[in-house]
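Visitor: One structure is given below, represented as structure tokens, and several questions about it will come after.
The values are calculated or read from the model by the stated rules, or taken from the named source; none is laboratory data. Here the structure is a predicted model, which is why all the values come from computation and not from measurement. Quick reminder, even Gly has a Cβ in these numbers, built from the backbone with ideal geometry, and neighbours come from all protein chains shown. For accessibility, only protein heavy atoms count, side chains too; no ligands or nucleic acids. Shrake-Rupley method; radii C 1.70, N 1.55, O 1.52, S 1.80 Å.
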Amino acid sequence: MFRNIISIYIALFLVLTSVASAENQDFNIWVDEFKKKAVVSGISKKIVEDFMSEVKFLPKVIEYDRYQPEFYEDTFTYIKKRTNTNKLKKGLALYKKEKSIIDQIETEFDVEKELLLSLMGVETNFGKYLGKMDIISSLATLSFDKRRSEFFTEELLILLNLVNKKIIQKDILFGSWAGAFGNFQFMPTTIKNYAIDYNNNKTIELKKIEDSFASAANYLNKIGWKKNTPCYIKIKLSNDIPKKFLNSSARNIQNKKTVKFFKKYIKNSDQLNVNNNLLAAIITPDIDIIPGSNTYQPAYLIFSNYEKILNWNRSLRFALAVCTLKNNFKNAI
Ligand SMILES: [Ca+2]
């Protein structure tokens, strides 16, 4: 009996190790193919070899990819965790220390300092969680994985291209499991399109205040954030609202109408302190995600600015947390 159990364990061990080594073998084949593609795209052979020769398949990255809090935490918990008093205190301390540069960036890019502080707080807890993953290996793992292969392959190519052009330095390439890095967790495409060398020292340093704040402000400005206009308002819906007006996907916000139109479906509409003609939509983020959630709660009236935060990160809860923390900063500064 005992001997049988041991031989079952040995057999299981052999099966598991052979699955793992087959996966590694496939990964190495993928790396070789990717290297060829990278050189053809114009990245120097030396950079490609330097970066891709030590790249590793990281099983943890796949685990994280399958278990993101945006997919399972209810809205109340998600927002509460990300907008607590400690976060507010930490952000205020950072603002006090860096006031002159942050105020200057606010004016220059026409983006509220409270929004910048909020995004940094939600993304990395003010630089505390910058991530320690080797970004090249993270991106390579996600490119090899079938789920979003095309997207991450493109991100990896862009990142190598940025290093090739000496826009970013090799030694800072440690970040999140998804390949984002710096104080505001920029993906390579975002760096390429929006990051700025604000202090003019010929390199983009997204882990430093000057470059990271200016880059985030530039990004928000370019995608159309409108300073001093609303992001969202929490509402109580009446039960007669047609279901088609309830958005629960961050990918495609539908059925936008004016505030005036929606007022008849909002119980506390007399407390809405917002222009009647503004275009808005309604989101009910817990539907479809939280089993047994009440269809009409929580509900929010959202505006154009809210959708800009969705451009930053396609998650209904993320955008709610960011705008909530922004409001908390507004009240405290
Ligand atoms: Ca710089």
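Visitor: P(r) for the stretch 183-333, please, calculated from all Cα pair distances in 5 Å bins and given in %.
Guide: Spelled out bin by bin, the stretch 183-333 gives 2, 9, 16, 19, 18, 13, 9, 7, 5, 2, 1, 0 percent.
Visitor: If a paramagnetic tag sat 7 Å from the Cα of Lys128 along the Cα-Cβ line, which residues of the stretch 78-110 would have the backbone N under 14 Å from that point?
Guide: 81-94
Visitor: Rg (Å, one decimal) plus Dmax (Å, integer) for the alpha carbons of the chain?
Guide: Here Rg and the maximum Cα pair distance are 23.1, 78 Å.
Visitor: Which one of Tyr306, Pro242, Val322 is farthest out on the positive end of the charge dipole of the chain, using unit charges on Cβ (Lys, Arg +1; Asp, Glu -1) and the Cα centre as origin?
Guide: Pro242
Visitor: List, in the order given, every pair from Lys128/Lys170; Lys87/Lys234; Lys96/Lys326; Lys80/Lys256 whose Cα-Cα distance in the structure shown is over 19 Å.
Guide: Check vs 19 Å cut-off fails for Lys128/Lys170; Lys87/Lys234; Lys80/Lys256.
Visitor: Which residues' amide hydrogens lie under 5 Å from the amide hydrogen of Leu237, considering only partners 5 or more residues apart or on another chain, with H built in the peptide plane?
Guide: Lys267
Visitor: Can I ask one more? Explain nothing, just the number: dipole magnitude of the stretch 199-301 about its Cα centre with +1 on each Lys and Arg Cβ and -1 on each Asp and Glu Cβ, in debye rounded to the nearest 20.
Guide: Dipole of the stretch 199-301, to the nearest 20 debye: 360 debye.
Visitor: Need one number: nm distance between label points at Ser41 and Ile223, each 7 Å from Cα along Cα→Cβ, rounded to one decimal.
Guide: 2.1 nm
Visitor: Next question, about the same structure. So, R0 is 25 Å and r is the distance between the beta-carbons of Ile62 and Glu150; what FRET efficiency does that work out to, to 0.05?
Guide: Between Ile62 and Glu150 the formula returns 0.90.
Visitor: Excluding residues on the same chain fewer than 8 positions from Lys146, give the lysines whose Cα lies under 19 Å from its Cα.
Guide: Correct list for Lys146: Lys35, Lys37, Lys56, Lys60.
Visitor: Give me the percent of accessible area attributable to carbon and sulfur for the stretch 70-144, probe 1.4 angstrom.
Guide: Carbon-and-sulfur percentage of accessible area, whole number: 55.
Visitor: Placing unit charges on C-beta atoms (Lys and Arg positive, Asp and Glu negative, everything else neutral), compute the dipole magnitude of the chain about its Cα centre in debye, rounded to 20.
Guide: 980 debye
Visitor: At a threshold of 8 angstrom on Cα-Cα distance, excluding pairs fewer than six apart, so keeping six or more, what relative contact order does the chain reach in percent?
Guide: 19 percent
Visitor: Let me ask something else about it. At 222 nm, what value in deg cm²/dmol follows for the chain if DSSP H runs of at least 4 each add -39500 (n - 2.57) and the sum is divided by all its residues, to the nearest 500?
Guide: Helix contribution divided over all residues of the chain: -16500 deg cm²/dmol.
Visitor: At 0.36 nm per residue, and after removing the present C-alpha to C-alpha distance, how many nm does the segment from Ala332 to Ile101 gain when stretched out fully?
Guide: 81.3 nm
Visitor: Tell me which aspartates and glutamates have Cα within less than 19 Å of Lys267's Cα, excluding those fewer than 8 residues away on the same chain?
Guide: Counting by Cα, and skipping residues close in sequence, Lys267 has these aspartates and glutamates nearby: Asp240.
Visitor: Assuming R0 = 51 Å, can you tell me the calculated FRET efficiency for the pair Asp110 and Asp32, based on Cβ-Cβ distance, to the nearest 0.05?
Guide: Given R0 = 51 Å and the Cβ-Cβ separation, E is 0.60.
Visitor: Let me ask another. A 18 angstrom limit on the alpha carbon distance is what I want to check against. Which of Lys45/Lys132; Lys90/Lys308; Lys236/Lys260; Lys244/Lys264; Lys113/Lys226 exceed it?
Guide: Where the Cα-Cα span goes over 18 Å, the pairs concerned are Lys45/Lys132; Lys90/Lys308.
Visitor: About the Cα centre of the stretch 107-229, what is the dipole size in debye to 20, counting +1 per Lys and Arg Cβ and -1 per Asp and Glu Cβ, all else neutral?
Guide: 160 debye
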